Amino acid sequence: MRKTLFTTAAAGAIVASGVATTAMAEDLTLCWAAWDPANALIELSKDFEAQSGHTMSFEFVPWTSFADRMLNELNSGGQLCDLMIGDSQWIGGGAENGHYVKLNDFFEANGISMDDFLPATVTGYAEWPKGTPNYYALPAYADVVGWTYRKDWFERPELQAEFMEKHGRALDVPASLEELRDIAAFFQGREIDGTTVYGAAIYTERGSEGITMGVTNVLYNYGFEYENPEKPYDLEGFVNSAGAVAGLELYKEIYDTGTPPGSSNWYMGENIDAYRSGQVAMQMNFAFIWPGVEADENVGGGKSGYFPNPAGPAGQFAQLGGQGISVVAYSQKQDAALEYIKWFAQPEIQQRWWDLGGAPALRAVVEAEDFAASQPYAQAFLDSMAIVKDFWAEPAYADLLIPMQERMHNYVIAGEGTAQEALDGLVRDWTEVFEDEGKL
């Protein structure tokens, strides 16, 4: 995204004293990605329509074109969207470019406290600059990369015995990424129930954000850092540290030894399809898929298990997904849009959001005593949300993502060069972006 200045004084005046009652019913349009949670939100929003008298319309775009479509909409000052559930990485651009209404005064006037939401989601979805109490979204959908596995396959006595003989440990949820690599290789090309299966479906997609959202789950745990913690935008030795190189090499090893043939450009949808059709023993994917897995007649009902991204030598982290919901600064219906935000923040609505297959970030819901037992995947969700890290949320997010996609795919999938060369090149690319932005 390129910086463009927009006047938001009028928007600030609207939220200064809360939301006035809208005199007439409005037709609000909410923009988001086209995926299962969006369908749940349509159902949930019927309650808002009944209470408010407003009508909700929805503009849902497939993930592979979601960023291009919606960032173009924001950058052009378009009025299609009154509410935007934008990706976590957009928050910097949404704030600095004037795309999103700042919500601090509205939150204060309506008794909405960010202390009531999971801290990682406030930082990831709502704050800009990071670590400051400046809010441009309400945490809407808590998501994180985790793992799904064929629990019924893992429990087979003959496979347990063979794995124990080979590795000296039980075939079970991996405690480390190296153990995950071994399990993927163990299942690779194996015949189960007369079908050839493979180890794991991982993110490899190049065109949007896929391989970045995958490889970071290994890079983080091997010591990769976006920048020097003591000096912002100082990248050398952090992005391309020895640990980061080892992590990138491991991701390539998992791809080379444990993934299905033809999986060189896979993201969420392809991984779901491979898992549900019985092609793979494990699947990397965002947690949003877990309700659908559990309900699937082929792999649900106890056949599958769920676990957080395993640890590496530098710690245990997982790539943050999820989004916040913002009021678009160019909307002509901001009062009504803010009514929706207020309605959505209510604890009873957040609980119903979970019941319908959404993923709330409200602590009153996810920290309730019965939450972990509410679904087979609920504990894995909690454990995963406790270890999240996110990609850059800088206004230049898109310019930072493009070279990472290219360099990670060229090394991991195409086998070009070395891991060190890929990360050294990324340092040069990102340094150039920050120089162009005036950050260096």
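The values are calculated or read from the model by the stated rules, or taken from the named source; none is laboratory data. Keep in mind the model is a prediction, meaning the values are calculated, not measured. Positions of Cβ are backbone-derived with ideal geometry, glycine not excepted, and every protein chain shown enters the neighbour counts. The protein model used for the area step is the full one, side chains on, heavy atoms only, and it has no ligands, DNA or RNA in it. Shrake-Rupley method; radii C 1.70, N 1.55, O 1.52, S 1.80 Å.
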>> So for segment 201-359, averaging the separation of alpha carbon pairs under 8 Å that are six or more residues apart and normalising by length, what relative contact order in percent results?
In response: 26
>> Check which residues have an amide H placed less than 5 Å from residue 117's amide H, if you skip close sequence neighbours.
In response: 363
> Can you run phi through the Karplus equation (6.51, -1.76, 1.60; θ = phi - 60°) for segment 391-408 and list ³J(HN,Hα) in whole Hz, with x for Gly and Pro?
Replying inline: 5, 3, 10, 4, x, 8, 3, 5, 5, 7, 6, 4, x, 5, 4, 5, 6, 5
>> Quick check for you: which residues of segment 267-286 have the amide N under 17 Å from the point 7 Å beyond the Cα of residue 297 toward its beta carbon?
In response: 276-278
> How many nm separate the modelled label positions at residue 257 and residue 382, each set 7 Å beyond the Cα in the direction of the Cβ?
Replying inline: 3.5
> residue 234 to residue 420: extension gain in nm, 0.36 nm per residue of separation minus the Cα-Cα distance?
Replying inline: 65.2 nm
>> Could you derive backbone 3J(HN,Hα) for segment 290-299 from the dihedral phi with the Karplus parameters 6.51, -1.76 and 1.60 (θ = phi - 60°), listing whole Hz in sequence and x where the residue is Gly or Pro?
In response: 4, x, x, 4, 5, 8, 6, 5, 8, 10
> Mind listing P(r) for the chain? All alpha-carbon pairs, 20 Å bins, whole percents.
Replying inline: 26, 56, 18, 1
> Taking the Cα centre of the chain as the origin and placing charges on Cβ (Lys, Arg +1; Asp, Glu -1), which of 332, 106, 373 is farthest toward the positive end of the dipole?
Replying inline: 332
> How big is the gap, in Å, between the Cα center of segment 392-438 and the Cα center of segment 238-274?
Replying inline: 16
> Over segment 296-440, one equal point on each Cα, no solvent: what is log10 I(q)/I(0) by the Debye formula at q = 0.13, 0.14, 0.18 Å⁻¹?
Replying inline: -0.93, -1.01, -1.15
> Once the piece of chain linking residue 178 and residue 109 is laid out straight, how much longer is it, given 0.36 nm per residue of separation minus the C-alpha distance between them?
Replying inline: 19.8 nm
> Sorted by average packing, counted as other Cβ atoms within 10 angstrom per residue and highest first, what order do 50-60, 349-359 take?
Replying inline: 349-359, 50-60
> Of the trypsin sites (Lys or Arg not before Pro) in segment 364-440, which ones lie in a loop per DSSP and count no more than 15 other C-beta atoms within 10 Å?
Replying inline: 439
> For segment 209-251, what size does the Cα cloud have along each of its three principal axes, sorted from largest down, in whole Å?
Replying inline: 28, 22, 13
> Across segment 105-122, in residue order, what do the Karplus-derived ³J(HN,Hα) couplings come to in whole Hz, using 6.51 cos²θ - 1.76 cosθ + 1.60 with θ = phi - 60° and x for Gly and Pro?
Replying inline: 5, 5, 4, 5, 5, 10, x, 9, 10, 5, 5, 7, 10, 3, x, 5, 6, 5
>> Under a Cβ-only charge scheme (Lys and Arg +1, Asp and Glu -1), can you give me the dipole magnitude of segment 279-437 about the Cα centre, in debye to the nearest 20?
In response: 480
> Considering the Cα trace of segment 236-374, what is its radius of gyration and what is Dmax, both in angstroms?
Replying inline: 19.6, 54
> Using Cα-only point scatterers and the Debye equation, what is log10 of I(q)/I(0) for segment 256-308 at each q in 0.19, 0.27, 0.28 Å⁻¹, rounded to two decimals?
Replying inline: -0.63, -1.19, -1.26
> What are the residues whose amide H is under 5 Å from the amide H of residue 280, where those residues sit 5 or more places off or on another chain and H is modelled from the backbone?
Replying inline: 198
>> To check my understanding: the extent here is largest minus smallest coordinate of the Cα atoms along each principal axis. What are those three numbers for segment 280-328, in Å, largest first?
In response: 40, 38, 15
> Amide H to amide H under 5 Å from residue 144: which residues, 5+ apart in sequence or cross-chain, H placed 1.01 Å off N in plane?
Replying inline: 287, 288, 321
> residue 158 to residue 348: extension gain in nm, 0.36 nm per residue of separation minus the Cα-Cα distance?
Replying inline: 63.7 nm
> What number, rounded to the nearest 500 deg cm²/dmol, is the helix-based mean residue ellipticity at 222 nm of the chain, given -39500 (n - 2.57) per DSSP H run of at least four residues and division by all its residues?
Replying inline: -12500 deg cm²/dmol
> In terms of the ratio Rg/(2.2 N^0.38 Å) built on C-alpha atoms, what value belongs to segment 168-228?
Replying inline: 1.41
> Excluding same-chain residues fewer than 8 positions from residue 231, which lysines have a Cα within less than 22 Å of its Cα?
Replying inline: 130, 389, 439
> Projected onto the charge dipole of the chain (+1 at Lys/Arg Cβ, -1 at Asp/Glu Cβ, origin at the Cα centre), which of 257, 351, 409 gives the Cα projection farthest towards the positive end?
Replying inline: 351
>> Using Stokes-Einstein with the Kirkwood hydrodynamic radius over Cα pairs, what translational diffusion coefficient do you get for segment 51-198 at 4 °C and a viscosity of 1.567 mPa s, in µm²/s rounded to a whole number?
In response: 66
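Under a Cβ-only charge scheme (Lys and Arg +1, Asp and Glu -1), can you give me the dipole magnitude of the chain about the Cα centre, in debye to the nearest 20?
Computed charge dipole of the chain: roughly 120 debye.
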> Any idea what angle helix 63-75 forms with the longest principal axis of the chain, computed on alpha-carbon atoms, 0 to 90 degrees, nearest 10?
Replying inline: 30
> So what are the radius of gyration and Dmax for the Cα set of segment 135-285, in Å?
Replying inline: 17.3, 56
> Can you give me the relative contact order of the chain as a percent, contacts being Cα pairs under 8 Å and 6 or more apart?
Replying inline: 25
>> If DNA, RNA and ligands are ignored and the probe is 1.4 Å, what is the ranking of 112, 211, 402 by accessible area, most exposed first?
In response: 402, 112, 211
>> Can you tell me the mean projection area, over all orientations, of the convex hull of segment 350-399's alpha carbons? Units nm², please.
In response: 4.6
> How large is the charge dipole for segment 226-355, taken about the Cα centre, if only the Cβ atoms of Lys, Arg (+1) and Asp, Glu (-1) carry charge, to the nearest 20 debye?
Replying inline: 220
>> Give the lysines whose C-alpha is closer than 17 Å to that of residue 151, dropping any in the same chain fewer than 8 places away, or say none.
In response: 303
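Among DSSP bridges having both ends in the chain, what percentage is antiparallel? Round to the nearest 5.
DSSP beta bridges in the chain are roughly 65 percent antiparallel.
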> In whole Å, what are the Cα extents of segment 38-83 along the three principal axes, biggest one first?
Replying inline: 33, 22, 9
